[in-house]
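The values are calculated or read from the model by the stated rules, or taken from the named source; none is laboratory data. Just so it is clear, the structure is predicted and the values come from calculations on it, not from any experiment. Here the Cβ is made from the backbone with ideal geometry for all residues, glycine too, and neighbour counts use every protein chain on show. Ligands, DNA and RNA are excluded from the accessible area calculation, which covers all protein heavy atoms including side chains. Shrake-Rupley method; radii C 1.70, N 1.55, O 1.52, S 1.80 Å.
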Amino acid sequence: MTAHGAPVAKLGHVAAHTPDLDESVWFFRDVLGFQLTERADGVAHFRGLRDWEHHTLSIIESGQTGVDHVAFRMVSQEALDDLAERLEADGDDVTYVDEGDERGQGEAIRVEKFGHPYEFYYDVEKPEAPKEKRSRLKNRVYGEHVGNRISPRRIDHAHVQDSVSPAHAEWLQEALGFQINEQYRTNDDELWGWWFSVTPLPHDFAIHRLPEGEAPQFDHVSYHLDSLQDLWEAANVLAEHGIEPDGGPGKHAITSANFLYVSDPASELCIEFFAGPGYLNFEPDWEPIEWTEAEIGGETSHQWIGQGPGWEGLDYPDE
């Protein structure tokens, strides 16, 4: 189990659709500096310089936009099997994914919860970087010499949105063992946002509330950069390519980290660059921090410094 006693070890990857894989590969590899692990069967698999797994981002050429699934790695095969049994016992429709059906990954399960397509797995390939790209430091994957001026380091967190967030938040805690690190309450005394972790990071996953009746959406996936200066370098690179950031650079009040958001022009997937650790939480008796609208501003504009992005999310395609 993790430090929180959770059966989920960490956020694994996000898979999204694109109508133009060549353009998306250009954006993620050539502009943002992701490493292309493999491109096969109409899917491009990427990872950061310090991601160990085969991929932490998959882009699927399908003629549409939208997020295919959000994947979490379990702490063991037993934890994966137990989760599958519990989901089926609760009446959920569980889909079993055979080993190799997703490149670089063992068997997995997929389930839709609160309108969000989740995948869970344990076995995964951790390929070495090609020799000419490999770091001489054995505790890194790629050497710094192969990165561009952005070069995301590792996957950090993902953020989704729906109109049933309280029930969703309860399930994340009870079924998956997530801990609430921070939350946000509006002036009408309604909880609007939850920031969860299973690792010492300020959050591995977050959800915020949509108005009743609105369809659930995926908001963004975040990758870690080392410093605030890296965000300005990222902004410079984007400007050189004529690409406007969606928000930032700035600093979040919630999670206390520096940020910049940008979306792939082809897939419309929003990437947040999350610089610095924010904070690391090693406390065994952590009590959730609660922010209020009166303290840091409204739901869609509550940054400590700078302007955040809009909250327009990506849909989940029907097929």
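Structure notes:
- Within segment 266-300, considering residues that are surrounded by fewer than 12 Cβ atoms within 10 Å (Cβ to Cβ) and part of a loop (DSSP other than H, G, I, E, B), the one modelled with the lowest pLDDT: THR300
- Residues (of a type outside the set (D, E, K, R), within 26 Å of the chain's Cα centre (by Cα) and not in a loop (DSSP other than H, G, I, E, B)) located in segment 82-99: LEU83, ALA84, LEU87, THR95, TYR96, VAL97
- LEU49 closer than 21 Å to LEU238 by Cα, among the aliphatic types (A, V, I, L, M) and assigned to a loop (DSSP other than H, G, I, E, B): yes
- Checked against the criterion of being among the acidic types (Asp, Glu), assigned to a loop (DSSP other than H, G, I, E, B) and under 30 Å from PRO317 (Cβ atoms), segment 240-249 has at least one qualifying residue.
- Within segment 164-198, the set of residues being among the hydrophobic types (A, V, I, L, M, F, W, C) and part of a loop (DSSP other than H, G, I, E, B) comprises VAL164, PHE178, VAL198.
- Hits in segment 100-141 (condition: open to solvent by 70 Å² or more (accessible area, probe 1.4 Å), in a loop (DSSP other than H, G, I, E, B) and not polar (S, T, N, Q)): ASP101, ARG103, GLU107, ASP123, GLU125, LYS126, GLU128, ARG136, LEU137, LYS138, ARG140
- Test result for VAL237, under 30 Å from ILE60 (Cβ atoms), in a strand (DSSP E or B) and in contact (Cβ under 8 Å) with a residue 24 or more places away in the chain: no
- Top-ranked residue in segment 58-80 [being acidic (Asp, Glu) and open to solvent by 50 Å² or more (accessible area, probe 1.4 Å); ranked as farthest from LEU172 (Cα to Cα)]: GLU61
- Considering segment 175-208, and only residues there that are touching a helix residue (DSSP H, G or I) at 6+ places or on another chain (Cβ under 6 Å) and touching a residue at least 60 places away in the same chain (Cβ under 8 Å), the residue that is farthest from HIS69 (Cα to Cα) turns out to be ASN187.
- Any hit, segment 13-23, residues being of a type outside the set (D, E, K, R), assigned to a strand (DSSP E or B), surrounded by fewer than 23 Cβ atoms within 10 Å (Cβ to Cβ) and under 21 Å from the mean Cα position of the chain (by Cα): yes
- Single condition TRP171 does not satisfy, out of (1) crowded, with 18+ Cβ neighbours inside 10 Å; (2) at pLDDT 95 or above: (1)
- ARG73 being under 21 Å from the mean Cα position of the chain (by Cα) and within 18 Å of LYS10 (Cβ to Cβ): yes
- Looking across segment 81-93, the residues that are free of Cβ contacts under 8 Å to residues at least 60 places away in the same chain and either open to solvent by 70 Å² or more (accessible area, probe 1.4 Å) or over 14 Å from PHE114 (Cα atoms) (or both) come down to ASP81, ALA84, GLU85, GLU88, ALA89, ASP90, ASP93.
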